[in-house]
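First comes the structure, then the notes that go with it.
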Amino acid sequence: MGKILGYIIGDIVRNRIVLAYTLILLAFTLGLFLLEGRPEKAMLSLLNIVLIVVPLVSVVFSTIYYYNSGEFMELVLAQPVDRTSVLLTEFAGLALALVLALLIGVGAPLLWHEQSLLSFLLLLAGALITTSFVALAFLGAMLFRDKARGIGLALLLWFFFALIFDGLLLLALYSFSEYPLEKMMLVLTMLNPIDVGRMLIVTRMDAAALMGHSGEVFREFLGSAQGWAVTITVLLAWTALPLWSAVRIFRRKDL
């Protein structure tokens, strides 16, 4: 499996889309720190870019790559190897390559300009969001044999988690504004990996004060050791659960 993993990582790293993705992230990060006078303001803008671009590229590219590597996987599975190992190796190669692109494109200039806990958390959140959306891409690809439908589902997942989910939360908050929903909103936020990553960063910035009482509730919880552990666990679960489901389907799937 080590040779297969090395081949997959090498193939993805040389991919033009991944190279362009890395360069775009690098250009945006450098530009923000050069244009913004305050590092925290630059990091807030960078956070918004990471939360939109990273999951979109991760889920769409992973879906396309999985479908395009179908013949390669069939060739590998013709050998006496375990299906689970093959799929996990494919996932590991994709996830590692995309996380590496994130670390080069965002991490290198970020740590050059701002070496702080906030920078580390931004990179950690970006890496975990990357792996979670790669796992969601694999699960979506397991559900549809047709490539067009698989890519459509990938875009729908990104659109839901990046835009629709927050709209539904705001609608619920507005509809039941007479009730204390802060703790309930905290629980509902855990149902979206993008929101979990956002709150992990925003609650450690001055921007949390703009969120009013809800921001204080989030800051109080996520600022504690228990909140830290829960947040990281939730982000890891957003990788583990979709991947586990994808493996179960793949083991029974007729290739």
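For A27, the conditions (1) assigned to a helix (DSSP H, G or I); (2) surrounded by 13 or more Cβ atoms within 10 Å (Cβ to Cβ) all hold with the exception of (2). Of all the numbered requirements in (1) in a helix (DSSP H, G or I); (2) over 21 Å from W158 (Cβ atoms), V81 misses one, and that requirement is (1). Considering region 30-77, the residues that are among the hydroxyl-bearing types (S, T, Y) and either part of a helix (DSSP H, G or I) or in contact with a Lys or Arg (Cβ under 7 Å, 6 or more places away or on another chain) (or both) include one that is farthest from A137 (Cα to Cα), namely S45. Could you tell me whether any residue of region 238-254 is of a type in the set (S, T, N, Q) and at pLDDT 65 or above? Yes, region 238-254 contains a residue that is of a type in the set (S, T, N, Q) and at pLDDT 65 or above. Scanning region 1-42 for residues that are over 30 Å from A78 (Cα atoms) and at pLDDT below 80 yields a total of 8. Within region 184-219, the set of residues being farther than 16 Å from L44 by Cβ, of a type in the set (V, I, T) and modelled with pLDDT under 80 comprises V187, V217.
Comparison of L136, L98, L87 shows that the only residue that is more than 17 Å from the chain's Cα centre (by Cα) and part of a helix (DSSP H, G or I) is L87. Of the residues in region 157-176, none is without any contact (Cβ under 8 Å) to a residue 60 or more places away in the chain, more than 30 Å from K253 (Cα to Cα), outside any helix (DSSP H, G or I) and of a type in the set (S, T, N, Q). Selection of region 140-156 for residues being surrounded by fewer than 17 Cβ atoms within 10 Å (Cβ to Cβ) and assigned to a helix (DSSP H, G or I) yields L143, K147, A148, R149, G152, L155, L156.
The values are calculated or read from the model by the stated rules, or taken from the named source; none is laboratory data. Note that this is a predicted model, so its numbers are computed, not measured. Note that each Cβ is placed from the backbone with ideal geometry, even for glycine, and that neighbours are counted across all protein chains shown.
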